[in-house]
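First comes the structure, then the notes that go with it.
The values are calculated or read from the model by the stated rules, or taken from the named source; none is laboratory data. Owing to the predicted nature of the structure, the values given are computational and were not obtained by experimental measurement. Backbone-built Cβ (ideal geometry, glycine too); neighbour counts: all protein chains shown. Areas reflect the complete protein model, heavy atoms only, side chains present, ligands, DNA and RNA absent. Shrake-Rupley method; radii C 1.70, N 1.55, O 1.52, S 1.80 Å.
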Amino acid sequence: MTVTTLTLVDIEVLAHDAGLHPEVCERLIRLGLLDGPPFAVDAASQLARAARLRRDLGLGWSGAVFACELLRRIDDLEAQVRRYNREG
């Protein structure tokens, strides 16, 4: 059995790790991208992904958050299919 420790950070650290201004992070949090504070240290990757989607696809912040949610659901479904195929 493995035990995973969760490192929690505040918004300034999260913003720095994501390469975003703290106000942008706060906006994405208000739009529902993350739960917190405090935040898991890996949450920066979700913020950075939303910023890339906004920049690269010309989405608004709400659209970027929605796209991130859809991508997260796809990742979850693909993981379920892999587990099913291994067990099946």
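Here are some notes:
- Contacts under 7 angstrom Cβ, first residue in the stretch 8-27 being more than 13 Å from ALA43 (Cβ to Cβ) and among the hydrophobic types (A, V, I, L, M, F, W, C), partner modelled with pLDDT under 95 and open to solvent by 30 Å² or more (accessible area, probe 1.4 Å), 6 or more apart: none
- Selection from the stretch 75-88 of residues that are under 27 Å from LEU31 (Cα atoms) and open to solvent by less than 90 Å² (accessible area, probe 1.4 Å): ASP75, ASP76, ALA79
- Selection within the stretch 54-74: residues that are over 12 Å from the mean Cα position of the chain (by Cα) and closer than 26 Å to ASP10 by Cα. The member of this set that is surrounded by the most Cβ atoms within 10 Å (Cβ to Cβ) is ARG54.
- Look at (1) surrounded by 10 or more Cβ atoms within 10 Å (Cβ to Cβ); (2) at pLDDT 95 or above; (3) not basic (Lys, Arg) and you find that VAL41 fails only one, number (2).
- Test for LEU34: is it outside any helix (DSSP H, G or I), modelled with pLDDT under 95 and either touching a His at 6+ places or on another chain (Cβ under 9 Å) or surrounded by 14 or more Cβ atoms within 10 Å (Cβ to Cβ) (or both): yes
- Subset of the stretch 37-59 (residues that are outside any helix (DSSP H, G or I) and closer than 18 Å to ARG72 by Cα): PHE39, ALA40, VAL41, ASP42, LEU59
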